[in-house]
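Written below as structure tokens is the structure these notes are about.
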Amino acid sequence: MRRFAFVIGAALPLSLGFAAQAEDVLIRIEAKRGAQAAADTARNWGAQFPDVVTFPLADGWVGIALGPMPRAEAAARLEQLKQQRKVPGDSFLAAAEGRELTRIGDAAAEPDADPQAAASAGNASTFPQAQPAATEDEPLPGDLAGADAAPTTDAGTAAEPAPEQFFLRLESTTDRARAEELLAKWRETLPEAGLWTLPNGRLAIGFGPMDRATGTAWLQAFRDAGAVPRDAFLAPGEEMGEIAIIGKVPDLGAPPAPDAAPVPMPPLEQIQRALRWAGHYDGAIDGKDGPKTRAAMAEEILRLRTSPDTATAMTELIRRREAWRAEMGLAELRDAHTGLMLPAPMEKLQFDRAERALSIYGPKDGSGAALILFSQPGGQQEMLDLTGLVTALGWVPAPGRKVERGSVVLDGRNQTHIGHAEGRVVDGRVQGFVLIWPVSDPENQHRLAAEISDSLARFAPGAAEAQPEAPAIAPAAAQD
């Protein structure tokens, strides 16, 4: 954010590129005590409006407004915003003359802006220490019925009727402190949620706005994911009352058009692999429609928000996974020493050496990545012996272990790397892998480990294995 002096009749042009006009006004929408609280609230308003400004008031209060703009334009806009329930009902027009305004978002929009300054915008140093006294047309917070509170009627043209808007009603209470606690909890999963004062005086947590078709489809999707109560419902905007704590407009994918051809559901095995890659599924890759698969799909729909339609959302998830695979440079690795094949980021790995049952790929070009493959005859004990070696060599530091009959998983990290190892007993052999990845990139580490785990397979006997051929004709039984 940056400050600009809005002084009527200034001889020099303002830094925002427009000249001050005597009739320019602001649409006053809110006030907060303290610079940081005001900056946080103003940024939320800025998600809905491009012209949010803040300015100092008396006694440490900070005003939040839209503008500046000509009075006629402001009056028409204020009337429309009130009809749409987009601003508090007690919003009013106030003179812009003589105020020092800080435009929200200017720092982010300017290429040369200091990112650290933008991140901390709205701290006490943003505003001047000397606070101007309140004027007749600027009541202090708590007395918002000033002389300009009623919009003027010289707008010129009547505002067009706004499209009907709806909100997901999530929960309500009569207690303000309890309502704010509930809102903070809801924002952990639905960060755009806001608080409304209903016409009956209750305080309601809401999520929106959206049109009826979008709201109906997403309400069902949120219910399927267990993200909203079963009694959550879609409420028209006119029933929401007044904004008490502003939220944000959610970015929700539109539902399929009623006359659109349905998107075919991708194969479940592909969906399971993509869900595992995304971190929402730890079940078997078996192509079966079980409760774990359905729960993971619902969770991913909630996270992606590309579409409330399951087939459309899963198709998009698979597309994202394929794009990631291409970006990571995954290629099929066929390791002759162990006889194992798997997808691997070969742009970051290079073969180092083979030792007994191990095939070791070290970092390429300082990537900080490594991959160790292992395969040898054995069962449960041999598998545990190998995991002990992995731990002793520090490939998986201070690991947490998940040991089951026929499988083991190790996960650990230190200041430099993340280690993940998996071992399995398959057809009388112990086989598996260790993935070492930079600690600064945990998301790709998790995804790579899932990709390797899902695809690891034997394509041939290992180089060290003796494979005697069976005779073409079985020998005759010995005669007495």
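Side notes on the structure shown:
- Residue check for ILE318: closer than 21 Å to ILE436 by Cβ and either surrounded by 14 or more Cβ atoms within 10 Å (Cβ to Cβ) or of a type in the set (D, E, K, R) (or both): no
- Complete set of residues in segment 421-443 that are polar (S, T, N, Q) and closer than 17 Å to GLN381 by Cβ: GLN431
- ALA298 being among the small types (Gly, Ala, Ser) and more than 25 Å from SER440 (Cβ to Cβ): yes
- Of the strands (runs of 3 or more DSSP E) lying entirely inside segment 191-286, those containing at least 2 residues that are surrounded by fewer than 20 Cβ atoms within 10 Å (Cβ to Cβ) span 233-236, 242-245.
- Verdict on SER307 being closer than 19 Å to TRP437 by Cβ, in contact with a Gly (Cβ under 9 Å, 6 or more places away or on another chain) and surrounded by 14 or more Cβ atoms within 10 Å (Cβ to Cβ): no
- Selection from segment 342-366 of residues that are acidic (Asp, Glu) and touching a strand residue (DSSP E or B) at 6+ places or on another chain (Cβ under 9 Å): GLU347, ASP352, ASP365
- The strands (runs of 3 or more DSSP E) located wholly in segment 322-370 that include 1 or more residues which are at negative phi and within 29 Å of the chain's Cα centre (by Cα) occupy 330-335, 340-345.
- Of the numbered criteria (1) assigned to a helix (DSSP H, G or I); (2) under 17 Å from HIS446 (Cβ atoms); (3) not aliphatic (A, V, I, L, M), the one THR391 fails is (2).
- Against the conditions (1) free of Cβ contacts under 8 Å to residues at least 40 places away in the same chain; (2) farther than 23 Å from ARG273 by Cβ; (3) of a type in the set (D, E, K, R), ARG356 satisfies every one except (1).
- For ARG321: the one exception among (1) under 30 Å from PRO264 (Cα atoms); (2) in contact with a Lys or Arg (Cβ under 8 Å, 6 or more places away or on another chain); (3) assigned by TED's automatic domain parsing to the domain that holds ARG447: (3)
The values are calculated or read from the model by the stated rules, or taken from the named source; none is laboratory data. This one's a predicted model, so the numbers in the text were calculated from it and none came from an experiment. So basically every Cβ, Gly included, is an ideal-geometry build from the backbone, and we count neighbours across all protein chains shown.
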